[in-house]
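*Asks:* So that we are looking at the same thing, I have put the structure below in structure tokens.
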Amino acid sequence: MLMIRPSFDTLYEALLTRDPSYEGRAFVCVSSTGIFCRLTCPARKPKPENCTFHETVAECMAAGFRPCKRCRPTMPEASADPVVKPLVEALEKRPGHRWGEPDLVRMGLDPSTVRRAFKRHFGMTFLEMARQRRLQEGFSALADGGKVIDAQITAGFESPSAFREAFAKILGQAPGAFSSKPLLFADWVATPLGPMIAVTDRTQLHLLEFLDRKAFPAEFRKLQTYARGEIGFGRTDVSDQIQAELDRFFSGTGASFETKIALHGTAFTRDVWRELIGIPAGEIRSYSEIARSLGRPQAVRAVARANGANQIALVIPCHRVIGADGSLTGYGGGLWRKQRLIELEQGYRAKG
């Protein structure tokens, strides 16, 4: 772990010069490719606006990035470990395989030993790492225009029904229910706080939500109804724009979002969301303050409901609203994310 985190400029310069002193201490995640690398990777260097830096492999994978096949960032730190090395190599060869403890036993490995070794090196177990890879591989296959059967095989599911069920738990519907001629396009967006799903048309952002939010499947179904079933997989210029703006936001270089957004809600709900957008980064408001600013001081509960109904996370900053007593209160993306976001935005406030 980095005891004192170097600045973005320092880490980016280390990436450009392939500085070996950061080996195993920092990794670069590249939003334009969805890949994370060692800073010494020999590949062509990405633009700074596409880069974020993390201290561990676990953080990179939790943010939704896949390991680079060229520099193999999951290997260097653990390459000398006789337990870790063969499993990482096996995972790279078969990222879609449905790994389980019986596989470890067949390889002559003790599952508990493997668990401890991977937690020590990567901050996650081998099985957790393998599950993330399967999810990423399957979704990427669909977003790249692949057929459902191809995505099923890529994700390592033996039966179509198991793949449909697993996929439906994430997006609220089976992959076959997505349109081949969509009006709205769903794509994977990587962030330091975990993967998000963005749904866009050719001009606007309709949904941006963390993949593990419990309400996400219901939100997606509502949007599917709005689009009359015409949601498919794919990336648009709007997807690229929001990815670039999120990269700037998390790197501390820009807190404003210019991506056009579609507001799906009642007139009052839309008024609340517009009020949220007006809260500067680094500042917070209470539900009662929002209600008063709207001229509806008695509508505190209605404001809270509208806040919770937000389905364009970060761009509509519902995380900037707290309880009257100063508590964080609920946040669909998890209170730990809300805390991290508020802490991150204190840097913007310090810059004025």
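Please treat every number below as a calculation from the coordinates, not as lab data. Here the structure is a predicted model, which is why all the values come from computation and not from measurement. Neighbour counts are summed over all protein chains in view; Cβ atoms, including those assigned to glycine, are modelled from backbone coordinates with ideal geometry.
*Asks:* For Lys222 and Glu258 in one chain, what is 0.36 nm times their gap in residues minus the Cα-Cα distance, to one decimal in nm?
*Replies:* Gain on stretching Lys222 to Glu258: 10.5 nm.
*Asks:* Got the relative contact order for the range 267-351 handy, in percent, Cα pairs under 8 Å and 6 or more residues apart?
*Replies:* The value is 36 percent.
*Asks:* Another question, then. Going toward the positive end of the dipole of the chain, with +1 on Lys and Arg Cβ and -1 on Asp and Glu Cβ, which of Thr113, Ile231, Leu328 do you reach last?
*Replies:* The residue sitting most towards the positive pole is Ile231.
*Asks:* Quick one: compute a quarter of the convex hull surface over the Cα atoms of the range 253-302 and quote it in nm².
*Replies:* Numbers: hull surface 16.5 nm².
Over all viewing directions, the range 253-302 projects a mean Cα-hull area of 4.1 nm².
*Asks:* Which far-off residues, 5 or more places away or on another chain, put their amide H under 5 Å from the one on Ile35, with H placed in the peptide plane?
*Replies:* Residues meeting the criterion, in which the H sits 1.01 Å from N, are Val30, Arg66.
*Asks:* Specify the angular offset, from 0 to 90 degrees and rounded to the nearest 10, of the alpha carbon long axis of helix 216-226 from the longest principal axis of the alpha carbons in the chain.
*Replies:* Around 60 degrees separate the two axes.
*Asks:* Could you give each residue of the range 330-339 its phi-based ³J(HN,Hα) in whole Hz, using Karplus coefficients 6.51, -1.76, 1.60 with θ = phi - 60°, and x for Gly or Pro?
*Replies:* Running phi through 6.51 cos²θ - 1.76 cosθ + 1.60 with θ = phi - 60° gives x, 8, x, x, x, 4, 5, 5, 4, 4 Hz.
*Asks:* In addition: Taking Cα atoms, how many degrees apart are the long axis of helix 237-251 and the longest axis of the chain, rounded to 10 and kept between 0 and 90?
*Replies:* The angle comes out at about 80 degrees.
*Asks:* So if I place +1 on the C-beta of Lys and Arg and -1 on the C-beta of Asp and Glu, and nothing else carries charge, what would the dipole magnitude of the chain be about its Cα centre? I want it in debye, nearest 20. Please report the intermediate quantities before stating the final value.
*Replies:* On the way: 49 positive and 38 negative charges, 83 e Å.
Charge dipole of the chain: 400 debye, to the nearest 20.
*Asks:* List the relative contact order of the chain as a percent without decimals, with contacts defined as Cα pairs under 8 Å and 6+ residues apart.
*Replies:* Result for the chain is 12 percent.
*Asks:* Let me ask another. What percent of all Cα-Cα pairs in the range 267-351 falls into each 10 Å bin, going from 0 up to the bin containing the maximum distance?
*Replies:* 18, 56, 24, 2
*Asks:* Further question on the same structure: Need one number: nm distance between label points at Arg44 and Leu335, each 7 Å from Cα along Cα→Cβ, rounded to one decimal.
*Replies:* 4.7
*Asks:* Let me ask another. What's the extension gain from Arg116 to Thr266 if we count 0.36 nm per residue and subtract their Cα-Cα distance?
*Replies:* This chain segment gains 49.0 nm when fully extended.
*Asks:* Report ³J(HN,Hα) in whole Hz for each residue of the range 43-53, in order, from the Karplus equation J = 6.51 cos²θ - 1.76 cosθ + 1.60 where θ = phi - 60°; Gly and Pro get x.
*Replies:* Calculated HN-Hα couplings, in order: 5, 4, 6, x, 5, x, 5, 9, 10, 9, 10 Hz.
*Asks:* With r as the distance between the Cβ atoms of Glu55 and Glu13 and R0 = 22 Å, compute the FRET efficiency 1/(1 + (r/R0)^6) and round to 0.05. Can you show the working numbers first?
*Replies:* Details: r = 17 Å, r/R0 = 0.79.
It comes to 0.80.
*Asks:* For Lys181 paired with Ile284, estimate the spin-label separation in nm (one decimal), with each label point 7 Å from Cα along the Cα-to-Cβ line.
*Replies:* Result for the modelled spin labels: 5.0 nm.
*Asks:* Over the chain, what is the percentage of antiparallel beta bridges among all DSSP beta bridges, to the nearest 5?
*Replies:* Of those bridges, close to 65 percent are antiparallel.
*Asks:* Can you compute the helix-only [θ] at 222 nm over the chain? Use -39500 (n - 2.57) per DSSP H run of at least 4 residues, normalise by all residues, nearest 500 deg cm²/dmol.
*Replies:* -13000 deg cm²/dmol
*Asks:* Something else about it: Rounded to the nearest 0.05, what FRET efficiency do Asp150 and Thr33 give with R0 = 22 Å and r taken as the Cβ-Cβ distance? Could you check?
*Replies:* Computed FRET efficiency for Asp150 and Thr33 comes out at 0.60.
*Asks:* Debye sum, Cα scatterers, the range 1-67, no solvent: what log₁₀ I/I(0) at q = 0.26 1/Å?
*Replies:* Calculated log10 I(q)/I(0) at the listed q: -1.26.
*Asks:* Quick one: work out Rg over Rh on the C-alpha atoms of the chain, Rh as Kirkwood radius.
*Replies:* Ratio of gyration radius to Kirkwood radius: 0.98.
*Asks:* Could you state the angle between the C-alpha long axis of helix 8-17 and the longest principal axis of the C-alpha atoms of the chain, as a value from 0 to 90 degrees rounded to the nearest 10?
*Replies:* 30
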